[in-house]
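Here's the structure we're looking at; comments come further down.
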Amino acid sequence: MSFKLKFMGISCFLLYLACGPDNSQREVPIKPQLTRQTDKIFALDNETSFEYLQPNLTELNDSLYFTFFNRKNHSIYAYHYDSGVLVHKIVLDQEGPNQLPLRYGHLSYFVQNWDSIFATNLDAYFIIDKFGVVKDKTELTSQSGFFKRKTFHLDQATQLRGDQLDCGFSQVLPDQQKPNFKRVVYDIKSKEVVKVYMDERELVSGYDEILAHNTVTAENGGIRNMGFYIVRDGDLLYTSYEIGDSIYHFRKDEKIASYYAGYSDLEVSTIQQYFDNTLVKTFEGGISIGPNPDQSPTYLTMAIDPNGRYIYRLFKHGSRRIIDAETEKETAELIGLSLVVLDLETEAVFSYKLPHEQIQIWDNFFVTEEGLHFPVLEQEEEDEKRYMVFKLL
């Protein structure tokens, strides 16, 4: 009797192993379809060019606004996204009591509301309103030389919690053997740095090699910093970089996870290939820095959908050198462009080929409830900004 019970127990155990749950047989996530939607168009005035226009999204009182900065006339434009109507044109004076002068053509901004717009020009930090009136100004700590200057950057991941502003933080040439933090928390009332976090050394593979290379090339002014991308969903931050296949997940200032989110059909650039993507030529009395027409693959930028489920990365397949038959000028031809999607619920990664001949890759894409918006490369009308819209269904 005892023998039979033991035999039956062993038999049931073997049957469980044969028929029970098998992690290797998990259900494969269904790949969503990327479907073209109706183009989104914003009318432009005669002072604004549709080229090289970097969008920002702002949500206020349940309304979404599409904004951008026009360097030519030193103005921030704000459109109601749904209607496409221009609601604010905020002119930044270059002289006088409300001056907000540009430094190196740089300005970043964050709209808390239309009476409190945070802006920085590398030298100072400002609070302005929708009329361009400067309500507050704080000189940032000066550093000797452009390369050692530590600056705030008001990016799409900027957040104001109470009096504490969480925003980007960068240095053109970081100090060797020291942390290189990418985020700063700044108290706008005490005007002091509360904390810095997100050390690039812990995230970028080959960081020391990249820094050593930039330290040498900086002597000739030929430095090129690696693209470092950050998106936010509430207190959650996600970050990646130009030649990395991973996305790092932070809750406030603590790293809690990492995910693979690479393009599996093509390898991203090695560090040396990344260096070779930039041509630095020195000549008597100057230096020339520009892109190499023959480029290896890199990631361009990143976005997150409004519901916080999908993270989108734009992957450039590289480019090749071509000679125009008529002008005999040398140009670069984009080889291909893909969208890499990380599903945060399942950690599945999907990729989609995009019509690279039609997309302007130097302007950022953005995401709303309507879908992903990619700037059109060659649009017929110059008095509008047109976006191709795609949606996961």
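Quick notes on this one:
- Think of a 1.4 Å ball rolled over the protein heavy atoms: the chain then has 54 Å² of accessible area per residue.
- Taken over the range 140-270, the percentage of Cα pairs per 10 Å bin, counting from 0 up to the bin with the maximum distance, is 11, 40, 35, 13, 1, 0.
- Estimated vicinal HN-Hα couplings, Hz - the range 189-200 in sequence order (Karplus 6.51, -1.76, 1.60; Gly, Pro = x): 8, 7, 6, 10, 6, 7, 6, 10, 7, 6, 6, 4
- P(r) of the range 336-393 over all Cα-Cα pairs, binned every 5 Å from zero, in whole percent: 4, 16, 25, 25, 16, 8, 4, 2, 1
- Distant-in-sequence amide H partners of D155 (H built 1.01 Å from N, under 5 Å): G168
- Note on the range 181-227: the alpha carbon radius of gyration divided by the globular reference 2.2 N^0.38 Å gives 1.53.
- Among the protein heavy atoms, those of M198 account for about 10 Å² of accessible surface (1.4 Å probe, every chain in place).
- Computed Rg/Rh of the range 200-256, alpha carbon atoms with Kirkwood Rh: 1.07
- ³J(HN,Hα), Karplus 6.51/-1.76/1.60, whole Hz, each residue of the range 368-380, x for Gly, Pro: 10, 4, 6, x, 8, 10, 10, x, 6, 6, 10, 9, 6
- Accessible-area composition of the chain, carbon plus sulfur, in percent [1.4 Å probe]: 48 percent
- All Cα pairs of the range 235-375, percent lying beyond 26 Å: 33 percent
- Ordered by 1.4 Å accessible area with all protein chains kept, R232, R103, R313, R320 run largest first as R320, R103, R232, R313.
- Value of relative contact order over the chain, rounded to a whole percent, pairs C-alpha under 8 Å and six or more apart: 13 percent
- Residue-wise HN-Hα coupling along the range 311-327, computed from phi with Karplus coefficients 6.51, -1.76, 1.60 (Hz; x: Gly, Pro): 10, 10, 10, 9, 10, 8, 6, x, 9, 10, 6, 9, 10, 5, 5, 8, 8
- Gap separating the Cα centres of the range 150-221 and the range 110-135, nearest whole Å: 21 Å
- Degrees between helix 207-217 axis and first principal axis of the chain (Cα, 0 to 90, nearest 10): 30 degrees
- Peptides ranked, highest mean first, by Cβ atoms within 10 Å: ranges 89-96, 114-121, 239-246: 239-246, 114-121, 89-96
- Whole-Å semi-axes of the ellipsoid equivalent to the range 271-313 (Cα gyration tensor, √5λ, descending): 35, 12, 7
- Net charge of neighbours whose Cβ lies under 13 Å from the Cβ of K195, counting Lys and Arg as +1 and Asp and Glu as -1: -2
- Computed over the chain, the Cα gyration tensor eigenvalues convert (square root of 5λ each) into semi-axes of 40, 27, 26 Å, ordered from largest to smallest.
- Sequence of I323, I247 from largest to smallest accessible area, 1.4 Å probe: I323, I247
The values are calculated or read from the model by the stated rules, or taken from the named source; none is laboratory data. Because the structure is predicted, anything quoted here is derived from the model rather than measured. Neighbour counts are summed over all protein chains in view; Cβ atoms, including those assigned to glycine, are modelled from backbone coordinates with ideal geometry. Just so you know, the surface numbers come from the protein's heavy atoms only, side chains and all, with ligands and any DNA or RNA stripped out. Shrake-Rupley method; radii C 1.70, N 1.55, O 1.52, S 1.80 Å.
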